[in-house]
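What follows is a single structure, written as C-alpha cells, with notes after it.
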Amino acid sequence: MSKPIRLAILGSGNGTNAQQISEYFAGRDDVQVVSIIYNVKDAYIAQRARNLGIEARYFGRKDFYETGAVLDYLRQKQADWVILAGFLWLVPQPILDAYPQRVINIHPALLPKYGGKGMYGHHVHEAVVAAGETESGITIHIVDENYDRGTILEQARCSVTKDDTPDTLAAKIHLLEKEYFPRVIDRTIHAC
C-alpha cells in the first residue's frame, strides 16, 4: 500500500475547521493530519489539536517570514499539502514555492467579492449584510502570493435575507464550511 498523503493545517483561532478536517480524515489509511500549526499563542486551536491527539506547534511572525522555521518544520513532518483553516497571515513565498499548487484555503464569501487583506471572519459577514447582498457563501481555493486570489476549487452558496445579521450569516457559512471543506480537500489531494 502507498504511504498516506500527509496534511499540515495552519490556523489562527478557534480551530473548528481544523477539527472538522481532522475528524473527517481520522482513521483513514490514505490521508493523515500530521500537525496543526498556529500563530496566536492562546488560540484554542492548540487545545483542539491536543484533544484530537495531533501534534500542535506554535510559530510566531519571525518564524514564518524571516527564519524559515515553519518551512523547515513542514519538511520535517514530511507534509505533502498545507491546509489553511482560519489562518490570517499571507503565506510566505518560500512555502508557496515548496508547495506549488498544494496550499488550500477557505474564505467565508463568494470570491472575488469580499476578499483581500482585512476581509476575514466577522468583517466579511458584516460587509455582506451591510451591502444588502441576497447571497453569500464560501470559496475554497488554491493559495497564491495574494490574499484570496488563487484558483477556485469550489464555491457553495447560501441565501442572505433582509432579516439576517452578521451572526446569523456566520452560522449559515459555518454549516457550508463543515459540509464542503473536508470533502473538497479530499477530492483535490487525490486528483494530483
**Item:** Label point distance in nm, L175-A26, each placed 7 Å from Cα along Cα→Cβ
**Value:** 2.4
**Request:** As a check on your grasp of the helix formula, calculate [θ] at 222 nm for the chain: sum -39500 (n - 2.57) over DSSP H runs of n ≥ 4, divide by the residue count, round to the nearest 500.
**Result:** -11500 deg cm²/dmol
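By counting other Cβ atoms within 10 Å of each Cβ, how are V91, V40 ranked from fewest to most?
Values: V91 21, V40 16.
So the ranking, lowest neighbour count to highest, is V40, V91.
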**Asked** Semi-axes, largest first, in whole Å: what does sqrt of 5 times each Cα gyration tensor eigenvalue give for region 53-134?
**Response** 29, 13, 12
**Asked** Restricting to the chain, what percent of DSSP beta bridges are antiparallel, rounded to 5?
**Response** 40
**Asked** With each pseudo-label sitting 7 Å past Cα toward Cβ, what's the E145-K113 distance in nm, one decimal?
**Response** 3.0
**Prompt:** What FRET efficiency do you get for E135 and H190 if R0 is 25 Å and r is their Cβ-Cβ distance, rounded to the nearest 0.05?
**Reply:** 0.25
**Message:** Going through the cross-link list K41/K178; K113/K178; K77/K113; K41/K77, which pairs have a Cα-Cα distance over 28 Å in this structure?
**Reply:** K77/K113
**Request:** Take the Cα coordinates of the chain, assign each an equal point scatterer, and use the Debye formula without solvent to give log10 I(q)/I(0) at q = 0.09, 0.11, 0.17, 0.18 Å⁻¹.
**Result:** -0.31, -0.47, -1.12, -1.24
**Taking only Cα atoms of region 1-100, radius of gyration then Dmax in Å** = 12.8, 39
**Prompt:** Any idea what the relative contact order of region 1-100 is, in percent, if you count C-alpha pairs under 8 Å spaced at least 6 apart?
**Reply:** 36
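Tell me, in nm to one decimal, what length is gained between H123 and D42 on full extension, where the rule is 0.36 nm per residue of separation less the Cα-Cα distance?
So the extension gain works out to 27.0 nm.
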**Asked** For the Cα atoms of the chain, what angle does the longest principal axis make with the long axis of helix 121-130, in degrees from 0 to 90, nearest 10?
**Response** 20
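Each reported figure results from applying straightforward, stated rules to the coordinates on display, with no laboratory input. Source: prediction; values computed, not measured. Cβ: placed from backbone, ideal geometry, glycine included. Neighbour counts: every protein chain shown.
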